[in-house]
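Chemist: If you scroll down you'll find the structure; I have some questions about it.
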Ligand code: HEC
C-alpha cells in the first residue's frame, strides 16, 4: 500500500522521480533474468569457482539463487565501499590502524567471518562492530536502519555463497552448537 502511494507520487511528480527511486532495500524480488546473468559469471560475484560448481554449491547448501543475488546487490550498495567489490577486504586488513581500529576484513571466507555463527554475523551487521566487543573498535557501522532482517539474511547468504565447503560446514556446525559465537 505504502509503495503504491509512493509510486503514484512518483508518477504525478516527474521532477521528483530521482528522489523516489526505491533503495535497494525496498526492491521487489530480483527478476529471473538478472539472477541467471549473475550466476553465469561467479567470478564477478567474488566466487572462485566456475558457474556449474557455483550453482551446485547453492543447491547443496539449500540457498535460493534469487536471495543470493539480491544479497549481492545489497552488498554492492551498502558494504562494498569498505569490504571491497568482491568481499576481498581492505589491503592490510590484519594490521590495526594507528587509531586502534581495524580495516574492513574480507567476508569471502578467507579471513575469520566463518569462525562466527550466523546469529553473530547478523548481529554485527545490524548493530555494528562494537556489538562484538572491545576487540572490534566499531569502525563497522550499524546497518540495522538501512537493511531489514530479510535484507541482512540475503547479504549473509551471498557472503556464504563465496565460502569453501570446508568453511561452510564448520561454520554451520558452530551455528548449531554455539550460536553466541
Ligand atoms: C564504513 C565501512 C564499513 C561498512 C560500510 C561495512 N563494514 Fe563491515 N566491517 C567494517 C570494519 C572496519 C569491520 C571490523 C570490525 C570493526 O572494527 O568494527 C567490519 C566487520 C564486519 C563483519 C565481521 C567480520 C569478521 O570476520 O568478524 C561483518 C560480518 C561485516 N563487517 C559485514 C558487513 C556487511 C554485510 C556490510 C554491509 C551491509 C558491512 N559490513 C558494511 C567496516 C565496514
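The values are calculated or read from the model by the stated rules, or taken from the named source; none is laboratory data. Treat the numbers as computed from the prediction; the structure is a model and nothing was measured. Every residue, glycine as well, gets a Cβ built from its backbone with ideal geometry; the counts of neighbours run over all protein chains shown.
Chemist: When you scan segment 34-46, do you find a residue that is in contact with a helix residue (DSSP H, G or I) (Cβ under 6 Å, 6 or more places away or on another chain) and exposed (fewer than 15 other Cβ atoms within 10 Å of the Cβ), even just one?
Modeler: Yes, because at least one residue in segment 34-46 is in contact with a helix residue (DSSP H, G or I) (Cβ under 6 Å, 6 or more places away or on another chain) and exposed (fewer than 15 other Cβ atoms within 10 Å of the Cβ).
Chemist: While we're on this one: What pairs come up if the first residue lies in segment 120-140 and is at positive phi, the second is part of a loop (DSSP other than H, G, I, E, B) and more than 7 Å from the ligand (Cβ to nearest atom), and their beta carbons are under 6 Å apart, counting only those six or more places apart or on different chains?
Modeler: Listed pairs, sorted by first residue: 128/142.
Chemist: Here is a follow-up. Every residue in segment 141-153 that is without any contact (Cβ under 8 Å) to a residue 40 or more places away in the chain and under 19 Å from residue 80 (Cβ atoms), please.
Modeler: If the condition is that a residue be without any contact (Cβ under 8 Å) to a residue 40 or more places away in the chain and under 19 Å from residue 80 (Cβ atoms), then 141, 142, 144, 145, 152 are the ones that fit.
Chemist: Any residue that is in a loop (DSSP other than H, G, I, E, B) and within 11 Å of the ligand (Cβ to nearest atom) - is there at least one of those in segment 153-171?
Modeler: no
Chemist: Okay, next question. Going by what's in this entry, would residue 8 be described as at pLDDT below 95 and either more than 19 Å from residue 171 (Cβ to Cβ) or exposed (fewer than 11 other Cβ atoms within 10 Å of the Cβ) (or both)? Walk me through it before giving the result.
Modeler: On the way: at pLDDT below 95: yes; either more than 19 Å from residue 171 (Cβ to Cβ) or exposed (fewer than 11 other Cβ atoms within 10 Å of the Cβ) (or both): yes.
So residue 8 passes the test.
Chemist: In this structure, is residue 123 within 25 Å of residue 63 (Cα to Cα), out of contact with any strand residue (DSSP E or B) (no Cβ under 6 Å at 6 or more places or on another chain), modelled with pLDDT of 95 or more and more than 8 Å from the ligand (Cβ to nearest atom)? Let's see the steps before the verdict.
Modeler: Numbers: within 25 Å of residue 63 (Cα to Cα): yes; out of contact with any strand residue (DSSP E or B) (no Cβ under 6 Å at 6 or more places or on another chain): yes; modelled with pLDDT of 95 or more: yes; more than 8 Å from the ligand (Cβ to nearest atom): yes.
Spelling it out, residue 123 is indeed within 25 Å of residue 63 (Cα to Cα), out of contact with any strand residue (DSSP E or B) (no Cβ under 6 Å at 6 or more places or on another chain), modelled with pLDDT of 95 or more and more than 8 Å from the ligand (Cβ to nearest atom).
Chemist: If you take just the helices (runs of 4 or more DSSP H) that sit entirely in segment 32-113, which of them hold at least 3 residues that are within 16 Å of the ligand (Cβ to nearest atom), under 18 Å from the mean Cα position of the chain (by Cα) and touching a residue at least 12 places away in the same chain (Cβ under 8 Å)?
Modeler: In segment 32-113, the matching helices (runs of 4 or more DSSP H) lie at 65-78.
Chemist: Within segment 129-140, which residues are surrounded by fewer than 19 Cβ atoms within 10 Å (Cβ to Cβ) and touching a helix residue (DSSP H, G or I) at 6+ places or on another chain (Cβ under 8 Å)?
Modeler: Of everything in segment 129-140, those that are surrounded by fewer than 19 Cβ atoms within 10 Å (Cβ to Cβ) and touching a helix residue (DSSP H, G or I) at 6+ places or on another chain (Cβ under 8 Å) turn out to be 131, 132, 136, 137, 138, 139.
Chemist: I would also like to ask the following. Those residues that are closer than 14 Å to residue 113 by Cβ and modelled with pLDDT under 95, I need them from segment 164-181; list them, please.
Modeler: Within segment 164-181, just 181 meets the criteria.
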